[in-house]
Structures are given as C-alpha cells and as structure tokens.
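Here's the structure, in structure tokens; my notes come after.
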C-alpha cells in the first residue's frame with residue numbers, strides 16, 4: 001500500500017506544486033509544507049514517541065527552513081526537540097507563551113543553545129515569502145492576547161494562511177471559539193482547505209466561522225479511538241452541513257494535498273483511489289498589495305563569558321528572550337550583540353520575554 005501511495009503521489013505532484021502533508025501521528029498535529037524550490041516548513045511536531053523525525057525522513061526531508069509551534073501543549077511540541085536536533089531550522093516561531101512542563105523547558109533550551117536558529121514570537125502581519133508566488137502569513141496571535149478562556153494556550157494558537165496562486169490553506173492549531181470569532185472580525189475570508197482546529201473538538205469550528213471560511217476540504221488530525229472522543233459529532237455535523245469533504249488521519253492515514261496554484265489534489269495513504277481534483281475560489285485580497293515581509297534576523301552568536309554583576313540580565317539583539325546571568329545560554333551571546341538590563345522589569349519593558357530554559 002505504501003509503495004502504491006508513493007507512486008500515486010509522484011504521478012500527481014509536478015514542478016511548481018506546493019505539497020502539504022498532514023502526518024498520521026495519532027492524537028496530535030504535525031503538518032509538512034514543501035515548495036517548488038524545496039523549502040520545507042513544519043507546523044507542530046506531535047507528542048513524544050510519535051515518530052515524527054522518522055516520518056519526515058521517510059518523506060525525503062533532509063532540512064527544515066521554518067518551524068511553527070502553534071502552542072506548547074505536548075501533543076503539538078512533544079517530539080519537537082527531537083525534530084529540532086535532527087533538522088535545525090533557520091527560523092523557529094511560537095505563540096510566545098511559556099509553559100511549565102519539562103518538555104517545553106528542554107525544547108526552548110535546545111533552541112536557545114543553537115546559534116543557527118533564529119527564534120521569534122509569532123505576531124499578526126509576519127509574512128514568509130516562499131517561492132513560485134507562495135507565501136505563509138501569520139494571522140494570529142495579536143495583542144491583546146486571550147485571557148481567562150477555556151484554554152488560553154489553545155485560544156492563542158498561531159494561525160497561519162498559506163496561499164499559492166488561487167489556492168488557500170488555513171492552519172489554526174488548537175484554536176477555540178474566541179480565536180475563530182476574532183478571525184471573523186479580522187475578515188479572514190474564504191479558504192478552501194481548512195486544518196480543523198483542536199482535532200475536531202466541539203469547542204471549535206463554530207458555525208459563524210464556517211459560514212465565513214466556507215471550506216471545501218476539512219483536514220482532521222486525530223488518534224484512533226482517542227479518549228477525548230475527537231472529532232466531536234457536533235463538529236462533524238457542521239462540516240457536513242457546510243458541504244466540506246472531510247479527511248481524517250485516524251481513517252485515512254497521512255493526507256496529502258497538492259496545489260498547482262489553480263486546483264488542489266487530495267490523496268490519502270489508506271485510500272489511494274480517493275485522489276480528487278478540486279477547483280478553488282480566488283483568495284480574498286490576493287491581488288491587493290502584499291503585507292510587509294518579516295525582516296531577516298541575524299542569529300549568529302559566539303561563545304563568550306558575560307560578567308554577572310555588570311550584566312545581571314542579558315539578551316541578544318537578534319533574540320526576543322532574555323536570560324539571567326549564570327544561565328549557560330547567556331554565556332553564548334556574542335559581545336557585539338549583547339544587551340544588558342539591570343532588572344527583569346527593564347528587560348520586559350524593552351520588549352524581551354523570559355527565556356523558557358532558565359526562567360529568569
């Protein structure tokens with residue numbers, strides 16, 4: 001079956017295509033985007049033991065240009081440290097909200113220790129120009145962040161929109177109702193391929209959101225017979241009423257969507273005969289002036305020693321995090337990039353945030 005799927009994939013993909021794979025990793029998210037010029041972007045990395053590194057390697061991935069962690073829950077970043085070690089990305093972004101788990105702390109320590117990785121907190125307006133006209137835009141989070149929701153980490157998920165010609169993909173992490181309502185307010189517009197939020201939870205994919213996005217294809221990453229009973233029956237009913245074709249990793253295995261800029265083809269690992277060619281609508285605002293491009297960040301750092309008394313809180317000009325001296329990562333900041341703060345409050349006021357590895 002795998003060999004047949006590979007053959008089908010090769011017969012469908014052509015030069016100039018953008019390929020999106022939703023990996024079959026059980027109850028979690030891991031989405032790979034590949035561009036015509038062989039750029040590779042990963043959104044989330046499943047839980048520990050999900051074999052994400054092995055699955056990426058099996059698809060021929062030998063590098064990652066960009067990693068997006070939508071939020072720090074284990075089913076989205078549990079395998080991220082292994083991925084970062086195997087394929088250190090040029091840029092790593094997340095929603096900027098720290099978590100108290102050892103998994104998150106270890107992950108951030110690994111990222112901050114790698115001088116080749118440029119770390120940024122995601123923010124509305126960031127744009128990553130890919131190639132062949134494809135681009136990935138950050139729609140959320142924005143200020144003010146959501147507070148006192150059912151799950152603030154979920155509600156503040158990084159939301160991105162991938163556009164390639166007239167084709168549109170919307171990736172929403174574990175967004176919940178407040179997130180979707182803000183997207184409506186921000187006039188997110190129609191998008192044919194929707195990565196359904198929170199594994200199809202009943203707390204997401206509200207009707208007003210579907211009325212605006214009008215997805216033709218709904219992708220659900222979900223574990224077989226999972227204890228959360230995802231996807232919810234209410235969510236499935238709303239998607240069916242919206243006439244969206246639903247694909248689920250628990251039933252279909254890995255799901256591949258190929259965009260040539262005018263149409264998308266959907267194929268699944270377990271049901272090769274389900275490959276479909278679907279026309280898409282124009283992306284709202286596609287012909288408008290493009291938003292500003294995220295400026296490049298120079299992540300170069302060199303090992304050095306920073307004096308604790310002279311510089312109690314240290315940061316690099318090219319990073320959004322600050323460290324307390326005594327932290328091993330503070331000692332790696334190049335003196336030319338070093339910024340010192342007398343107090344923790346001064347660092348925060350300057351727009352920096354506490355490093356996840358040492359919690360200054």
| said: For the stretch 115-147, which positions are buried (at least 18 other Cβ atoms within 10 Å of the Cβ) and free of Cβ contacts under 8 Å to residues at least 60 places away in the same chain? | reply: 122, 138, 139, 140, 141, 146
| All positions within the stretch 206-232 that are at pLDDT 95 or above and over 19 Å from residue 31 (Cα atoms) | 206, 207, 208, 209, 210, 211, 212, 213, 214
| message | Of the residues 181, 161, only one is within 17 Å of the chain's Cα centre (by Cα), at negative phi, surrounded by fewer than 21 Cβ atoms within 10 Å (Cβ to Cβ) and not in a loop (DSSP other than H, G, I, E, B); which? | response | 161
| said: Looking for something under 20 Å from residue 355 (Cβ atoms), assigned by TED's automatic domain parsing to the domain that holds residue 48, within 15 Å of the chain's Cα centre (by Cα) and part of a loop (DSSP other than H, G, I, E, B) - is there at least one such residue anywhere in the stretch 114-125? | reply: yes
| message | Out of the residues in the stretch 33-84 meeting the condition of being under 12 Å from the mean Cα position of the chain (by Cα) and in a loop (DSSP other than H, G, I, E, B), tell me which one is farthest from residue 133 (Cα to Cα). | response | 72
| field | Boolean, residue 199 is in a helix (DSSP H, G or I) and assigned by TED's automatic domain parsing to the domain that holds residue 74 | value | yes
| query | residue 19: part of a strand (DSSP E or B), surrounded by fewer than 22 Cβ atoms within 10 Å (Cβ to Cβ) and at pLDDT 90 or above, yes or no? | reply | yes
| query | So is residue 191 under 20 Å from residue 33 (Cβ atoms), modelled with pLDDT of 95 or more and not in a strand (DSSP E or B) or not? | reply | yes
| Enumeration of residues in the stretch 303-319 that are modelled with pLDDT under 80, over 14 Å from residue 115 (Cα atoms) and surrounded by 12 or more Cβ atoms within 10 Å (Cβ to Cβ) | 306, 308, 311, 312, 313
| query | How many residues are part of a loop (DSSP other than H, G, I, E, B) and crowded, with 18+ Cβ neighbours inside 10 Å when one looks only at the stretch 85-95? | reply | 3
| Would you say residue 198 is at positive phi and in contact (Cβ under 8 Å) with a residue 40 or more places away in the chain? | yes
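The values are calculated or read from the model by the stated rules, or taken from the named source; none is laboratory data. It should be emphasised that the depicted structure is a prediction, and the values quoted were computed from it without experimental measurement. Don't worry about glycine lacking a Cβ; one is built from the backbone with ideal geometry, like all the others, and counts go over all protein chains shown.
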